[in-house]
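Presented below is the structure to which this report refers.
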Amino acid sequence: MSGQPDLGRADLVSMLAELTGKPVEQVPHRVGSMELAWLVHLVEQRYGTQMDLTDDQLAGIRTVDDALTVFHTCLPASADG
Amino acid sequence: MYRQTKDPAAQDPGWVDDVLFAGRPTDVCLRLPEPVDRATLHRLVTEAQARLVAAGLRPGGAAALRLPPSLSYVVNLLATWRSGGQAVLLDHRLTDHEVDRALRRLTPQVVVAPVRTGGGALKVFVDVTERVTGYADRPAVSGHAVIQLSSGSTGPSKVIGRTAADLVAEVERYTRIDGVALPGERIILLPSMVHVLGLVGGLLYGLHARVELVPPERLGGDAVLAAIAAQDTPATVLGVPFHIGLLASTRPDRPLPQFTRMTTGGELVPPAVVQAFTDRHGVPLGNMYGMTEVGVIGTDLHGSHRPAIAPAPGIEVRESDGELLISCPASPYVGLSDPDRWADGWLRTRDAGTVDPVTGLVTVRGRLDSQVSVGGLKVDLTEVEATLTGLPGVAAAVVTYDDGITAYVQPDGPLSGDALDRLLAERLAGYKRPRTLHLVAQLPRTTTGKLVRSLDVLRTAAP
């Protein structure tokens, strides 16, 4: 593995579970602007950095998988990658 | 049965200068983060009045503002009122379909909309270059100063009007509530100023009481704490319950003695969230209860009555058959009014609740109808369901709230989830759209053919 940040789909789903109070298996895969703001907030806290996201990037995110793809382009690759 | 209500007369626009512009010219009104003082705001408003008038706004006419939270929104709102016009507030997240329907009904003389927005993602306040265009050559539908749309079916009770006198009375009410930000202090403003909490509890109260309004640079816990830290004056964070989570999960990197309080409106906050917030920041978490129709109804700004609230000064609350009723001298609904919503000076909230006969404290226990709150924004599930049912390819739909808006859809032919998503995105603002969509071959029905709404049955139908 190389070039991928240390952030997986399961991480995002567990962050959404924290927001919604649902078990991870019941977290919807669609995300709205509120869920997205929450994910950006927690991911930035985890990496101690501000992701340089554009309006267009955010507007294109409709699912957890979309969010993961966009976040990967904005985060540093993992140290052991 | 609906009946015609007495249409309020428009009020002289002098109230804007008397109530909102009465402070010193050098007082800072907004920090974006560059300070905007009262003299600058007044100049910008005067200039905007000229543009509105040039585009066709006349006293007694309406201007529809389809603007995101921005200096442009503030300026055009105040300019509309100062021109003797009615402001029709359209949330910028509404789709073209939703806006067109509203404009046809409310016939504003001008529409103010962005030609360009900027500033970056997750901004609380954005940079807007706006354009004013003529729309209809008719007077406003009523003498109300502001028109707000509440999510709902197309029923006539969902266009909500408030008079200038009513807005001024609410601002005055805020000045008499113990625990609000005081003159010279700051409000860190998170809710949209298109909706009542941010509009009156933030913008109008702030302008009147000489409280600086500070939208954080972006929507995130660090940005809110940075906004608090940017000045030494006391700061109250105004938000909705979602924002509590952002702050509860953010550790300040320095002491913030100026952080005075956080106050939220919207739905009830779970005790664990309250605990997490107060453990982290050590300041009171206040709670407010209000409605678009009347504004603030009650508060518990010290967090000492949770989950109950004390009625705001001048507001009477009573309980009738388990429902909370609010004193409201005139119907807030434009044109035709449904006596099931307002009658004889009382507004039916559709909130279940109780009023303590000894203390007068009010406890809200949840909705009696299909309205839910998504990040502080009200969404009527019947609107979502009616929209889904009206889409091509949909035979029937049931929309429920299952820790999020959840739709069960029975197609009448080949229909993919993605196709349904695209159709919905053209018709419903994002916050109204289902987070979970289940396509089912056959929706469960009763023996008489009615759609079943039980969550247990629906979950079984779409495992």
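All of the numbers you see were taken from the coordinates with simple rules; none came from a lab. This one's a predicted model, so the numbers in the text were calculated from it and none came from an experiment. Cβ sites come from the backbone with ideal geometry, for glycine too, and all protein chains shown count toward neighbours.
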Next on the checklist: Please list, ordered by chain and number, the residues whose modelled amide H lies under 5 Å from the amide H of B:Ala62; skip anything fewer than 5 residues away on the same chain.
Outcome noted: B:Gln86, B:Gln109, B:Val110, B:Ala140
Next on the checklist: Which aspartates and glutamates, if any, have their Cα less than 12 Å from the Cα of B:Lys123, not counting same-chain residues under 8 positions apart?
Outcome noted: A:Asp55, B:Glu217
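Give, as a single signed number, the net charge of other residues whose beta carbon lies under 14 Å from the beta carbon of B:Glu323, with Lys and Arg counted +1 and Asp and Glu -1.
On the way: positive: B:Arg318, B:Arg341, B:Arg348, B:Arg350, B:Arg365, B:Arg367; negative: B:Glu319, B:Asp321, B:Asp340, B:Asp351, B:Asp369.
Combined, the nearby Lys, Arg, Asp and Glu give +1.
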Checklist entry - How far apart, in nm, are two points set 7 Å out from the Cα along the Cα-to-Cβ line at B:Thr129 and at B:Ala165? => result 4.4
Checklist entry - Over what distance in Å are the Cα centres of segment B:171-191 and segment B:118-136 separated? => result 26
Item to check | Under-5 Å amide H pairs with B:Arg350, H placed in peptide plane, nonlocal only | outcome: B:Leu324
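Count charges around B:Ala113 for me, please; just the other residues with Cβ under 10 Å from its Cβ, Lys/Arg as +1, Asp/Glu as -1. List each step's numbers first, then the result.
Numbers: positive: B:Arg66, B:Arg131; negative: B:Glu130.
Cβ neighbours under 10 Å give a net charge of +1.
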Checklist outcome for this item: The distance between the Cα centres of segment B:398-457 and segment B:33-74, in whole Å, is 41
Checklist outcome for this item: Non-local residues with an amide H under 5 Å from the amide H of B:His438, with H modelled 1.01 Å from N and Pro and chain starts lacking one, are B:Ala407, B:Tyr408, B:Val409
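What FRET efficiency would be calculated for the residue pair A:Thr49, A:His29, taking the C-beta separation as r and a Förster radius of 25 Å, to the nearest 0.05?
On the way: r = 26 Å, r/R0 = 1.03.
Computed FRET efficiency for A:Thr49 and A:His29 comes out at 0.45.
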Checklist entry - Could you give me the ³J(HN,Hα) list for segment B:391-396, computed from phi with Karplus coefficients 6.51, -1.76, 1.60 and θ = phi - 60°, whole Hz, x at Gly and Pro? => result 7, x, x, 10, 8, 6
Item to check | In Hz, Karplus ³J(HN,Hα) per residue of segment B:444-455 (6.51, -1.76, 1.60; θ = phi - 60°; x = Gly, Pro) | outcome: x, 10, 6, 5, 8, x, 7, 5, 7, 10, 5, 4
Checklist entry - If each Cα of the protein assembly as shown is one equal point scatterer, what is log10 of I(q)/I(0) from the Debye formula at q = 0.06, 0.07, 0.13 Å⁻¹? => result -0.29, -0.40, -1.52
Next on the checklist: Quick check: residue separation of B:Trp15 and B:Arg58 times 0.36 nm, minus the Cα distance between them. What number comes out in nm?
Outcome noted: 13.7 nm
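Summing Lys, Arg as +1 and Asp, Glu as -1, what charge do residues with Cβ under 12 Å from the Cβ of B:Val273 carry, B:Val273 excluded?
On the way: positive: B:Arg280, B:Arg306; negative: A:Glu18, B:Glu267, B:Asp279.
Net local charge, B:Val273 excluded: -1.
Can you give the FRET efficiency for B:Thr95 and A:Lys22, using 1/(1 + (r/R0)^6), R0 = 25 Å, r = Cβ-Cβ distance, to the nearest 0.05? Please list the in-between numbers first.
Values: r = 28 Å, r/R0 = 1.11.
E between B:Thr95 and A:Lys22, to the nearest 0.05, is 0.35.
Hey, what did chain B get for relative contact order, percent, Cα under 8 Å, at least 6 apart?
On the way: 982 pairs, mean separation 58.8, N = 463.
Averaging sequence separation for qualifying contacts and normalising by length gives 13 percent for chain B.
Which number do you get for Rg(Cα) / (2.2 N^0.38 Å) in chain A?
Details: Rg = 12.2 Å, N = 81, 2.2 N^0.38 = 11.7 Å.
Normalised Cα radius of gyration, chain A: 1.05.
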Checklist entry - Out of segment B:283-373, which chymotrypsin sites (Phe, Trp or Tyr not before Pro) are coil in DSSP terms and have no more than 15 other C-beta atoms within 10 Å? => result none
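At 1.002 mPa s and 20 °C, plugging the Kirkwood radius over alpha-carbon pairs of segment B:3-364 into Stokes-Einstein gives what diffusion coefficient in µm²/s?
Values: Rh = 20.9 Å.
Here the translational diffusion coefficient equals 103 µm²/s.
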Next on the checklist: Students often get this wrong, so check it: of B:Lys158/B:Lys378; B:Lys378/B:Lys432; B:Lys378/B:Lys450, which have C-alpha atoms separated by over 20 Å?
Outcome noted: B:Lys378/B:Lys450
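Please find the FRET efficiency linking A:His72 to B:Asp456, where r is the Cβ-Cβ separation and R0 is fixed at 41 Å, and quote it to the nearest 0.05. Let's see the in-between values first.
Working: r = 39 Å, r/R0 = 0.95.
Rounded to the nearest 0.05, the efficiency is 0.60.
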Checklist entry - Label point 7 Å out from B:Arg280 along Cα-to-Cβ: which residues of segment A:21-48 have amide N under 14 Å? => result A:38-46
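To make sure I understand, if each residue's beta carbon is the centre and we count other beta carbons within 10 Å, what order do B:Glu426, B:Glu293 fall in, fewest to most? Please report the intermediate quantities before stating the final value.
Details: B:Glu426 11, B:Glu293 24.
So the residues, fewest neighbours to most, are B:Glu426, B:Glu293.
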Item to check | segment B:19-31 - phi-based ³J(HN,Hα) in whole Hz, Karplus 6.51/-1.76/1.60, Gly and Pro as x | outcome: 9, 9, 10, 7, x, 6, x, 8, 4, 7, 8, 9, 10
